[in-house]
Structure formats: C-alpha cells, structure tokens
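Visitor: Below is the structure I would like to discuss, written out as structure tokens.
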Ligand code: ASP
C-alpha cells in the first residue's frame with residue numbers, strides 16, 4: 001500500500017464496496033482510518049482492503065506570519081492562545097499529544113477565518129488546562145483588557161478543554177461590564193488530525209462574533225457528533241460532560257446562546273434578550289491568587305476527616321448527592337461517624353463560607369425537602385436552591401472571597417453573571 005498522509009483524499013476499495021474520504025493516520029498499523037464526508041471517522045482492518053487510491057494530495061500550507069491588512073467593514077477579532085489540544089499535534093510514534101503549533105501556524109491552518117473578520121493572533125500561554133491556577137485567570141483577564149483598549153470587536157481564547165468551563169466562569173465574573181464577546185474554544189482532537197474539531201469550533205466562534213451583537217463570555221464547541229453545527233454556551237452554565245466526544249460541552253440548567261452552522265455561515269440566536277455589545281468601561285476584578293478553596297464530595301462510608309482536611313482553607317464547596325445531601329444522620333450502630341461529619345461541617349462553616357453544589361450536575365439544590373438538609377442550613381451551609389454547577393460554585397466562591405469578602409453570604413445566591421437561572425427543568429439534559 002502506498003504512503004498516504006493526514007488529510008489526503010482517498011478511495012478505499014473493499015470486497016463489496018468502495019469508501020471515499022480523507023485519510024487519517026492510525027497509530028494501530030493493522031487499521032486504516034478514514035474521515036467520511038459526514039464528519040465521522042471509521043476504522044477499516046487493513047487485511048480487508050483490496051486497494052487504496054489517492055484522489056487528491058492534502059497540502060497543509062503553514063504560511064509565514066503576514067502583516068495584518070485590515071479590511072474595512074470587517075470586525076477585528078483577536079485570538080489569544082493558551083495551549084491545550086487545539087494547539088497540539090499528535091506524535092504518531094508515541095500516540096501522545098504535544099504542544100506544537102505557533103499562533104501564526106494555527107491561523108494559517110484555518111484560512112477561512114480570514115474571510116470572516118480581520119484576525120490577529122498571539123500566544124499568551126502554552127499549557128494543558130489541567131495546570132491552570134487563579135494567577136492564569138488574572139493573566140488572561142489582563143490580556144483581554146489590553147485588547148479591548150486596543151479596539152478589538154471580539155476575542156477568542158483557545159484553551160484546553162478539561163477546565164475550559166472553570167475558565168469561562170472565572171472570566172465572566174472577572175470581566176465586569178465587558179463590552180464585547182469573549183469566546184473560548186478548544187478541541188478534543190489535535191489540529192493536525194483529520195477528525196479534529198478545531199477548525200469547525202474556531203470558524204464557528206469567528207462567525208458568532210462577526211454576525212451577532214452579543215457581549216459576554218461563552219464557549220463555542222461542537223453541538224453534535226458530526227461536523228455540522230456548533231453551540232455557543234454561556235460561560236457560567238457550561239460543563240465538559242464527556243471525556244472524548246467532540247460534543248462534550250453542554251449548557252447546564254440553562255439554554256445555549258446560539259447555534260452556528262459553519263457551512264452555511266448562519267448564526268441562530270436562541271433567545272432575543274441578551275447583553276449587547278456597546279461602549280462601556282470594562283473593569284477587571286481579579287482573583288486573590290493565594291486563596292485556598294476546597295471541594296469535598298459526599299459518598300457512602302465517608303469520614304469526618306475528609307471535611308476536617310479543609311480546616312485551614314478560606315472556603316469550601318460541598319458536592320452533595322441528590323438534592324444536596326451528606327451522610328450526617330446517626331441511624332444505627334454503624335453510622336456513628338455521621339455525627340462527627342456533621343460536627344465537622346458545623347466547625348468548618350463557623351470558620352469560612354461553605355456552599356452546597358450537586359453531584360447530579362443537572363437540577364437545583366433543595367435543602368428543604370429532607371430534615372438533614374435543614375440541619376445543613378442551620379449549620380450555615382449556603383446555596384439552597386442553587387442551580388450552579390460545582391465548578392461555577394467553586395469559581396464564584398473564590399471570586400466573591402477575592403472581591404466582596406464581607407458579602408459572600410449575601411451575594412452567593414444573587415444572580416451576578418447569569419449563573420442563577422430563574423427556571424430549571426425545561427432545558428435539554
Ligand atoms: N488535557 C487537555 C487540556 O485540557 C485536553 C484538551 O485540551 O482537550 O488542556
């Protein structure tokens with residue numbers, strides 16, 4: 001079989017049919033992978049392949065950085081790269097994904113975006129999002145502030161997907177009076193792979209900025225498993241819900257903002273009312289970088305020491321089961337530990353704000369339904385009726401402690417950035 005490279009258009013002839021698509025390198029030498037026109041990838045056992053014909057060679061043109069020629073009438077979009085899979089390439093020898101592309105190369109790989117807007121691009125980090133800390137959020141916010149001052153109409157942040165939803169919530173809280181859209185984009189498959197979702201996500205983010213007057217922080221990623229539509233999700237109601245699927249991000253307890261069809265170029269706003277882009281003074285409200293916020297997860301056979309481990313922290317998120325439950329009832333000889341768990345929660349809640357979030361992810365906290373829930377409220381646990389994901393609750397708690405330390409109790413359940421949705425239940429989940 002002759003040598004093919006990623007992206008080559010090929011025809012694979014099997015015993016009973018011929019398959020047309022793009023060649024995608026497969027680390028398993030016994031298989032050939034083909035990206036079909038529908039966007040799906042299929043693996044074919046090599047021994048079943050009768051022949052394989054090259055139809056058109058793929059040329060990835062990685063151009064040199066060009067001087068940005070601004071075209072009148074087009075919006076100015078700045079892409080700030082922070083790393084993650086979207087700026088990585090697969091090392092086919094090891095199968096590992098490593099940081100690879102420069103900002104210029106990334107833009108050159110997706111020439112379509114230049115016809116949508118005036119694009120400029122720079123690197124502000126090169127990291128897997130698993131390594132993000134509050135200091136990185138502050139850095140991103142400062143870079144966004146610079147670009148807003150320089151007259152950007154919209155900003156795209158490329159970012160690893162693992163903690164993308166923490167960053168989107170963090171930026172939404174930090175960027176008070178944000179006058180333009182900031183769209184976070186990642187990809188589940190690296191940009192050099194035929195099955196990569198990078199191009200569609202990036203093009204869709206550009207279309208969303210170019211064609212709407214939305215202002216605020218959002219995430220733009222695949223809507224479904226094929227390459228047709230992207231979804232724009234609000235920054236404080238987003239969550240990664242799948243480890244590998246390209247449509248991993250869902251709007252939780254809220255509606256998406258828009259759907260983008262990157263083939264036709266159409267953008268469909270889901271609701272008519274949203275914050276509009278207009279001149280207003282952006283104020284960056286950063287995180288205190290030395291804050292320690294913990295997350296304790298409720299589970300069977302729990303011990304009080306799991307709560308007490310957070311004694312020297314500044315705030316704690318409790319991730320309860322069901323409506324927001326922890327094992328705090330001593331019901332028989334086996335559950336003596338539960339009394340200690342409750343005392344531990346009471347003790348911690350006297351020292352720092354403690355908030356409830358849900359392991360179920362979808363739905364609202366309700367600590368009124370069962371008596372242990374009412375006991376938790378008496379102990380000072382905040383967040384009754386919260387629809388926030390655990391990640392948004394974590395970020396909001398840290399941001400409130402950084403910027404409104406005296407008002408955490410008052411503000412935690414106040415809707416500051418769309419995080420406290422009024423109605424939960426009608427949305428898809
Ligand atoms: N671990 C990577 C990250 O979040 C995965 C990705 O980029 O999708 O940075």
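Visitor: Starting from the alpha-carbon convex hull of the range 294-429, give the projected area averaged over all orientations, in nm².
Guide: Spelled out: convex hull of the Cα atoms, projected over all directions, averaged, 8.1 nm².
Visitor: Would you please state the base-10 log of I(q)/I(0) at q = 0.09 1/Å for the chain, with intensities from the Debye formula using one equal scatterer on every alpha carbon?
Guide: Computed log10 I(q)/I(0) values: -0.63.
Visitor: Any chance you could list the semi-axes, whole Å, largest first, of the equivalent ellipsoid that the Cα gyration tensor gives for the range 186-343, using √(5λ)?
Guide: Square roots of five times the eigenvalues give 41, 20, 15 Å.
Visitor: Please build a GNM for the chain, connecting alpha carbons under 10 Å apart, and tell me which residue among 378, 255, 314 fluctuates the most.
Guide: So, out of 378, 255, 314, the one fluctuating most is 378.
Visitor: What's the ranking of 411-420, 316-325, 169-178 by average number of surrounding C-beta atoms within 10 Å, highest first?
Guide: 169-178, 316-325, 411-420
Visitor: If you don't mind, there's one more thing I want to ask. How many nm separate the modelled label positions at residue 297 and residue 347, each set 7 Å beyond the Cα in the direction of the Cβ?
Guide: Those two pseudo-labels are separated by 2.4 nm.
Visitor: At 7 Å along Cα-to-Cβ for each site, give me the label-to-label distance between residue 72 and residue 115 in nm.
Guide: 2.2
Visitor: In what order do 354, 32, 284, 395 fall by count of nearby beta-carbon atoms within 10 Å, going from fewest to most?
Guide: If I rank by nearby Cβ atoms, fewest first, I get 284, 32, 354, 395.
Visitor: Taking only Cα atoms and a 10 Å spring cutoff, compute GNM fluctuations for the chain and point out the largest among 111, 390, 353.
Guide: Among 111, 390, 353, the largest GNM mean-square fluctuation belongs to 111.
Visitor: Say we join alpha carbon atoms closer than 10 Å with springs in a Gaussian network model of the chain; which of 131, 162, 226 then has the biggest fluctuation?
Guide: Largest GNM mean-square fluctuation: 131.
Visitor: With r defined as the distance between the Cβ atoms of residue 245 and residue 25 and R0 fixed at 30 Å, what FRET efficiency is calculated, to the nearest 0.05?
Guide: It comes to 0.90.
Visitor: So what is the relative contact order for the chain, in percent, with contacts set as C-alpha pairs under 8 Å and at least six apart?
Guide: Averaging sequence separation for qualifying contacts and normalising by length gives 12 percent for the chain.
No lab work stands behind these numbers, since they all come straight from the coordinates. Given the structure is predicted, the values throughout are model-derived calculations rather than measurements. Cβ: placed from backbone, ideal geometry, glycine included. Neighbour counts: every protein chain shown.
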